Amino acid sequence: MATLTDEIKRRRTFAIISHPDAGKTTLTEKLLLFGGAIHVAGAVKSNKIKKTATSDWMEIEKQRGISVATSVMGFDYGDYKINILDTPGHQDFAEDTYRTLTAVDSVIIVVDVAKGVEMQTRKLMEVCRMRNTPVIIFVNKLDREGRDPFDILDELESELKIGVRPLSWPINIGAKFKGVYNIYEKTLDLFKPDKQKVQERVEITDVNDPRVDEAVGEVDAAKLREDLDLIEGVYPDFDVAQYLDGKLAPVFFGSALNTFGVKELLDCFVKIAPYPRPTRAEEREIKPEEEAFSGFVFKIHANMDPNHRSCIAFVKVCSGKFERNAPYKQVRTDKVMRFAAPTAFMAQRKNVVDEAFPGDIVGIPDTGNFKIGDTLTEGENLHFRGLPSFSPEMFKYIENTDPMKSKQLEKGIRQLMDEGVAQLFVNQFNGRKLIGTVGQLQFEVIQYRLLHEYGAQCRWEPLSLYKACWIESDDDAALEAFKKRKHQFMAVDREGRDVFLADSNYVLQMAQNDFPSIRFHFSSEF
């Protein structure tokens, strides 16, 4: 009978992050393929086959070929239970990705060999660095022409500000790509571009084995040995402790589309990646091995099933064992709840689960009881931290175009805001609702989903604002004076907190200078 500690040690919960188009969703699919969770990979871009990527299941994602919501997928691989969170790469949905990173123990970053480190990758790496999250890097698309692997390694070090250590090494690249030498396990994998899977693995104990020359030709074999000598000379030996501290990133090379180099990544990942770690709450540190269950909601998703208007709250289990129908306390409302149909996910396919362990993600049907950041416990009052909302940079007034459907619009906006798609503010001067996002695409997604999921039509009215920031002060009189003077630019968020809408950087700086006793916050955690 497996104990709680055994269950914790076999869990690996991680997110895959990258710039759009680096091949993140494809890599997720191939990992699922090895886990036996799916039997045929959805051709992500090909319209000839009507299968779309397993992890992209919202209608708008299928139309555009991008992931806009984080998908959760769990599967068993050997003795391990793996939970993957596939995140949107598109920067307009960065907020969703930042929140997802609070629920994982490690991260795999996908980098395109031709493009190298891109802007979004840098930003996401900053979030990992803030939390000391361990990172593994997968350099993708080696079957296409790209940059020299040594140049890529230098760029990873300088751009992501992290030490790197290659654990596999490519033999040529693009049209001449012959395969990958696995430094970690000392094996040679040969690439057959026309096949769907790797056919040949040459088991060798030493790179000087003559079979290497037979397999890839003398010239490439000599180059490989030279490269490996250089790697041994330049890079320190791989140190798992440094990786776990978030200071060193192992690097793998491959082609996710051709299912090449993916298994090596997965085999090494399950051995070195951390199992669930302690979580910080405001009150104390919670260890996964504790008997009592605790967990927090890091994401809410409406309409997983278009036929039923249901929301699902995603709960990350932090400690103890989650059990179906057991009474748990929702700390924010002090209510005791029981969950008759908690689910585990394989993208859209849900299975009802009877129990879940630390590191697992459980979906709980939500009828509007939950908010992002809510804590569930067996009775203890705990508050988990680290689920930020950032101050939005784009704003539009939302207007109802069909007066008969105002109820549907209200409900739709409320549910989408609960999901954390965007932030809603009410302007105190004119009573109008404004929506703030970090990117233009979110407005399209909101409009599309309001229409298709709630039957409500809206139109946007642009508004030029520089930033919305939360304000607070210990000096009530100063706060009142500020609100009076800036009454045209005051709004409240959904929690009823005061928000100042600055229409330019200059105005914001002047306000900060003129009112020294007021604190201006650019993220909602304060």
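The values are calculated or read from the model by the stated rules, or taken from the named source; none is laboratory data. Quick caveat: nothing in here was measured; it's all calculated off a predicted structure. Glycine gets a Cβ as well: all are built from the backbone with ideal geometry, and neighbour counts include every protein chain shown. Only protein heavy atoms, including side chains, enter the accessible area calculation; ligands, DNA and RNA are left aside. Shrake-Rupley method; radii C 1.70, N 1.55, O 1.52, S 1.80 Å.
What to note about this one:
- Fraction of accessible area attributable to carbon and sulfur, the range 207-289 (%, probe 1.4 Å): 52
- Spin-label pair E289/E355, simplified geometry with 7 Å Cα→Cβ offset, distance in nm: 1.8
- Accessible surface of the range 314-439 [probe 1.4 Å, protein heavy atoms]: carbon and sulfur percent: 48
- The range 392-526, relative contact order [Cα under 8 Å, separation at least 6], %: 29
- Among the listed pairs K316/K407; K161/K467; K30/K299; K371/K467; K329/K371, those with a Cα-Cα distance over 21 Å are K316/K407; K161/K467; K30/K299; K371/K467.
- Using the 1.4 Å probe convention, the accessible area of the range 395-526 works out to 49 Å² per residue with neighbouring protein chains retained.
- Protection proxy ranking of 213-224, 20-31 - average other beta-carbon atoms within 10 Å, highest first: 20-31, 213-224
- Checking every one of the chymotrypsin sites (Phe, Trp or Tyr not before Pro) in the range 415-471 against DSSP loop status and a limit of 16 other Cβ atoms within 10 Å picks out F429, Y466.
- The GluC sites (Glu not before Pro) of the range 137-180 that DSSP puts in a loop, and whose beta carbon has at most 15 other beta carbons within 10 Å, are E145.
- The order of the peptides 121-128, 291-298 by mean Cβ neighbours within 10 Å, most packed first, is 291-298, 121-128.
- Here M119 and N369 are evaluated by their C-beta separation; at R0 = 51 Å the FRET efficiency comes out at 0.85.
- Gain in span if fully extended, E226 to R147, counting 0.36 nm per residue against the direct Cα distance: 26.6 nm
- Gain on full stretching of the segment that runs from H521 to S158 - 0.36 nm per residue minus C-alpha separation: 127.6 nm
- Plainly put, the range 230-296 has a radius of gyration that is 1.13 times its Kirkwood radius, both from alpha-carbon atoms, as the Rg/Rh ratio.
- The calculated FRET efficiency for F429 paired with K247, based on their beta-carbon distance and R0 = 60 Å, is about 0.75.
- Summary value for the range 226-291: 16 percent relative contact order, contacts being C-alpha pairs under 8 angstrom separated by 6+ residues.
- For the range 203-264, the solvent-accessible area works out to 49 Å² per residue, with a probe of 1.4 Å and every protein chain left in place.
- Contour minus Cα-Cα distance for Q488 and L463 (0.36 nm per residue): 7.7 nm
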